[in-house]
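Before any comments, here is the structure.
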Amino acid sequence: MGRCLALSAGLSIVIAYLFYESVAGFLVVLLVFPASLARRKHSGCRKQQRELKQQFKECIRVLTASLYAGYSVENAFQAAQAELEQLLGEQGDMCRELRQMNGQIKLNIPVENLIENLAWRSGVEEIFTFGQVFAYAKHNGSNFTRILKDASERIGEKLELEREVQTMIAAKQLEQRIMNLIPLGILLFVRLTNPGFLDVMYATWLGRGMMSVCLALYGGAFLLAERIVDIKV
């Protein structure tokens, strides 16, 4: 929250200076801060989901291996918790979820219900898909372990593809962030190298209106660029 407020205040100062040359322009922070906070929250949520996906991939790998070794479903979840705690530490997101799930399994709550609940809370499509396959295989599948193994392989392939795509577009995302700064850099360069050149844009209502339009176009271009590089697999 504090970091987001500091970034919003800094950006508002830049906007007030470059687009309005007025202290009153700093009031744009009232618009920038909520948008920045929402963007940061969305970004943090997406990052947490990506981490949970990778941890879930490891979880179902251990589950299927344990089931192939002859473990019951309940014992397979216990084994998954123990191995992930060694791999990720007890504070890993998936480790906390498994501890909670194993506690509820002991209360005879159906495993498929627990997986579905985790899918809805996390918003991770892969967990929801696995939950559906798990429920079907448990109640209708003649080869429960084989069905889960095939499902885990498909999910693993999708997550690996997503990781490769994220690696490929990382450079483009960096380029996009640099391009977002170029208009502000050009405006700052003009102001510093040609004092008074843009005075008409700050001294009249027409000029301020034009600068407001430019700011709105810049904001729209920024959001469009964010959507272009936000590729979902």
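The values are calculated or read from the model by the stated rules, or taken from the named source; none is laboratory data. No experiment lies behind these values; they were computed from the predicted model shown. Quick reminder, even Gly has a Cβ in these numbers, built from the backbone with ideal geometry, and neighbours come from all protein chains shown.
Filter the range 162-171 down to the residues that are surrounded by 13 or more Cβ atoms within 10 Å (Cβ to Cβ) and either over 20 Å from Glu125 (Cβ atoms) or among the acidic types (Asp, Glu) (or both) and list them by number.
Of everything in the range 162-171, just one residue is surrounded by 13 or more Cβ atoms within 10 Å (Cβ to Cβ) and either over 20 Å from Glu125 (Cβ atoms) or among the acidic types (Asp, Glu) (or both), namely Glu162.
Find the residue count for the range 113-166, including only residues that are under 22 Å from the mean Cα position of the chain (by Cα) and outside any helix (DSSP H, G or I).
Going through the range 113-166 one residue at a time, the tally reaches 2.
Test Met179 against the criterion of being more than 30 Å from Arg61 (Cβ to Cβ), surrounded by 13 or more Cβ atoms within 10 Å (Cβ to Cβ) and aliphatic (A, V, I, L, M), and give yes or no. Walk me through how you get there before you give the answer.
Values: more than 30 Å from Arg61 (Cβ to Cβ): yes; surrounded by 13 or more Cβ atoms within 10 Å (Cβ to Cβ): no; aliphatic (A, V, I, L, M): yes.
So Met179 fails the test.
Step by step: first the residues of the range 99-112, then only those that are among the β-branched types (Val, Ile, Thr) and in a helix (DSSP H, G or I), then the one that is farthest from Thr129 (Cα to Cα). Which residue is that? Even if it seems obvious, please write down each step before you answer.
Step one: of the range 99-112, the residues among the β-branched types (Val, Ile, Thr) are 105, 109, 111.
From what is left, the residues that are in a helix (DSSP H, G or I) are 105, 111.
Working: Ile105: 20, Val111: 14 Å.
So the residue we want is Ile105.
Inside the range 16-43, can you point out the residues that are of a type outside the set (A, V, I, L, M, F, W, C), modelled with pLDDT under 70 and loosely packed, with under 13 Cβ neighbours inside 10 Å?
His42
If you check Lys172 against the conditions, is it within 20 Å of the chain's Cα centre (by Cα), charged (D, E, K, R) and either closer than 22 Å to Pro110 by Cα or at pLDDT below 80 (or both)?
Yes, satisfied.
Considering every residue within the range 190-212, establish whether at least one is under 30 Å from Ser72 (Cβ atoms) and without any contact (Cβ under 8 Å) to a residue 24 or more places away in the chain.
no
Taking the range 215-228 on its own, how many of its residues are under 16 Å from Ser12 (Cβ atoms) and of a type outside the set (A, V, I, L, M)?
3
Could we say that Val165 is of a type in the set (Val, Ile, Thr) and in contact (Cβ under 8 Å) with a residue 24 or more places away in the chain here? Break it down into steps so the answer makes sense when it comes.
Numbers: of a type in the set (Val, Ile, Thr): yes; in contact (Cβ under 8 Å) with a residue 24 or more places away in the chain: yes.
Considered against the rule, which asks whether it is of a type in the set (Val, Ile, Thr) and in contact (Cβ under 8 Å) with a residue 24 or more places away in the chain, Val165 comes out as yes.
Looking at Leu215, Leu192, Leu198, Leu206 in this structure, which one is over 30 Å from Lys53 (Cβ atoms) and in contact with a Phe, Trp or Tyr (Cβ under 8 Å, 6 or more places away or on another chain)?
Within the list Leu215, Leu192, Leu198, Leu206, the selection yields Leu215.
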